[in-house]
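The values are calculated or read from the model by the stated rules, or taken from the named source; none is laboratory data. Note that this is a predicted model, so its numbers are computed, not measured. Glycine also receives a Cβ, built like all others from the backbone with ideal geometry; neighbour counts cover every protein chain displayed.
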Amino acid sequence: MQQVTNNGESYTLHQISKKTSVGIIDSGILAEHSDLLSSLGSHMKNFVPKGGFNNEEDEEKGEAGYIIDKMGHGTEVAGQITANGNILGVAPGVTINIYRVFGERLSKAEWISEAIKKSEGG
């Protein structure tokens, strides 16, 4: 990260605001992660329906507010964007909105398409 940010100098180039939001369309997030907690926005939605991919994921209940990351990928992406702990993301301080489109392993194009539409302006 030191090389990517020129020893942190890139963080001084642009003032990042909480008014800036990034929609993350992925596997969800571990919302209690201390490096991400202060970045969570109010626009979050689960697009994985009850039963998950091809009705093969029994644990999926289809609850709109369920954004827990079962794969880890969405949390990793969120950290690369906005982590603000010992390691900083590329834009610490921005607001992230989470759109969960992966259950335990797979997604469908229509879930992703719906999430893209929902994320516009959010």
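Would you check if Val22 is among the aliphatic types (A, V, I, L, M), over 16 Å from Lys108 (Cα atoms) and over 17 Å from the mean Cα position of the chain (by Cα)? Outline the logic, then answer.
Values: among the aliphatic types (A, V, I, L, M): yes; over 16 Å from Lys108 (Cα atoms): yes; over 17 Å from the mean Cα position of the chain (by Cα): no.
No.
Contact list please: Cβ distance under 6 Å, first residue in segment 25-45 and more than 14 Å from Arg100 (Cα to Cα), second residue assigned to a loop (DSSP other than H, G, I, E, B) and not aliphatic (A, V, I, L, M), pairs at least six apart or on different chains.
That search, which allows pairs on different chains as well, returns Asp35/Gly85.
Could you identify the single residue in Asp58, Asp69 that is touching a helix residue (DSSP H, G or I) at 6+ places or on another chain (Cβ under 6 Å) and either on the phi < 0 side of the Ramachandran plot or of a type outside the set (Lys, Arg) (or both)? Write out each step before concluding.
On the way: Asp58 fails: touching a helix residue (DSSP H, G or I) at 6+ places or on another chain (Cβ under 6 Å).
Only one candidate passes the filter, namely Asp69.
Identify all residues within segment 82-117 that are surrounded by fewer than 18 Cβ atoms within 10 Å (Cβ to Cβ), touching a strand residue (DSSP E or B) at 6+ places or on another chain (Cβ under 8 Å) and modelled with pLDDT of 95 or more; write none if there are none.
Scanning segment 82-117 gives Ile112, Ile116.
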